[in-house]
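Notes follow once the structure below has been shown.
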Amino acid sequence: AGKAVDPKRWAELTKAYVPPPGTRIGLGFDGSITQDCTALVGCTADGHSWLVAAWERPLGATDWKVPRLAVHAAVAAAFETWDVGLMLADPPKWWTELEQWAELYRRPGGSGPEAERVIAFDTNQERRFARAVDRWLTGLREGTHTNNGDELLTRHVEAAHLRKLKASADADDFRTLYVIVKGEDARKIDACIADVLAHEAAATMPVLQPVGVTHLW
C-alpha cells in the first residue's frame, strides 16, 4: 500500500538496453554525503532510462562518504559519451558542484538561460516536484517510460512511496498530484528520485533544430 510503482509493472517495462554514444539524453542527479545514495540516471527523449552511476553507503560502514571526485568523473564521462540536452539535479549539499557543472557544461556559443544545461531542481519544492512525478507516473501507466532493469535502480523504485500533495485530494482522481517519499522502512529511494529527474529532463530539454531546416513563419 502506498507504493509508487507496482514491481510487476516496472518489470514489464524493462528492456536491457543502454543508448549508444552520441544519443541525445536527459540526466537526473540526486546527491548525498554519507547516509543515503548518490545516483546519476540517464533517460532518452523517448523515455528509456538507465543507471549511469551510483554510490551507496555499504552495509555496516561507519566512516564513509560519497567519493566526490568519482562523481565528478562520472558526470564528465556522461557529458562526453552522450549529447546531454539537460541535467536536472537535486541541490542540497551539492550546490558547489552544481555551480561548477553549470559553468563547465554550458551550451557552446549560447548565452543566457537557453545556454544552461545543468539546472538545480530542488525536490523540496513540492509543487514543482509533484508535476515531474506526475509526468513520470503517466509514462509508467502508458508504457512510454521504460528502464534497463538495473538492480539498484529497481530496488530504489520498489522502495518508493507516494504522498499526496494535498491530503484532502481524491486518491482515485488521476489529476491528484503526489510526491515521492521514503516508506516507514526508510529504504533508500535516491535512484528513484534521480530517475524522475532524468525523465523530466529528457521530456523538457530543448528540441534540436534539424540542420538545413528553415522556418517560413
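What to note about this one:
- Restricting ARG135, ARG68, ARG127 to residues that are surrounded by 14 or more Cβ atoms within 10 Å (Cβ to Cβ) and modelled with pLDDT under 95 narrows the list to ARG68.
- Unique residue being under 25 Å from LEU165 (Cβ atoms), of a type outside the set (Lys, Arg), modelled with pLDDT of 95 or more and not in a strand (DSSP E or B) when the list is TRP10, TRP101: TRP10
- Per-region count, segment 14-53, residues in contact (Cβ under 8 Å) with a residue 60 or more places away in the chain and more than 12 Å from the chain's Cα centre (by Cα): 16
- For segment 93-107, a residue qualifies if it is open to solvent by 50 Å² or more (accessible area, probe 1.4 Å) and either over 14 Å from PHE79 (Cα atoms) or not acidic (Asp, Glu) (or both), and the qualifying residues are LYS93, TRP95, THR96, GLU99, GLN100, LEU104, ARG106, ARG107.
- Residues of segment 15-54 that turn out to be under 18 Å from VAL157 (Cα atoms) and outside any loop (DSSP other than H, G, I, E, B), as a count: 17
- Flag for VAL84 being crowded, with 17+ Cβ neighbours inside 10 Å, β-branched (Val, Ile, Thr) and not in a helix (DSSP H, G or I): yes
- Verdict on ALA159 being free of Cβ contacts under 8 Å to residues at least 24 places away in the same chain and either of a type in the set (Gly, Ala, Ser) or surrounded by 13 or more Cβ atoms within 10 Å (Cβ to Cβ) (or both): no
- Boolean, ALA76 is under 19 Å from the mean Cα position of the chain (by Cα) and either buried (at least 19 other Cβ atoms within 10 Å of the Cβ) or under 24 Å from PHE129 (Cβ atoms) (or both): no
- Residue match in segment 55-77 (condition: over 25 Å from LYS182 (Cβ atoms) and in a loop (DSSP other than H, G, I, E, B)): no
- Unique residue being touching a Pro at 6+ places or on another chain (Cβ under 9 Å) and either surrounded by fewer than 21 Cβ atoms within 10 Å (Cβ to Cβ) or more than 21 Å from VAL207 (Cβ to Cβ) (or both) when the list is GLY42, GLY31, GLY22, GLY2: GLY31
The values are calculated or read from the model by the stated rules, or taken from the named source; none is laboratory data. Just so it is clear, the model here is predicted, and its values are computed rather than measured. Counting neighbours? That spans all protein chains shown, and the Cβs are built from the backbone with ideal geometry, glycine included. Protein only, heavy atoms only, side chains kept; ligands, DNA and RNA dropped before computing areas. Shrake-Rupley method; radii C 1.70, N 1.55, O 1.52, S 1.80 Å.
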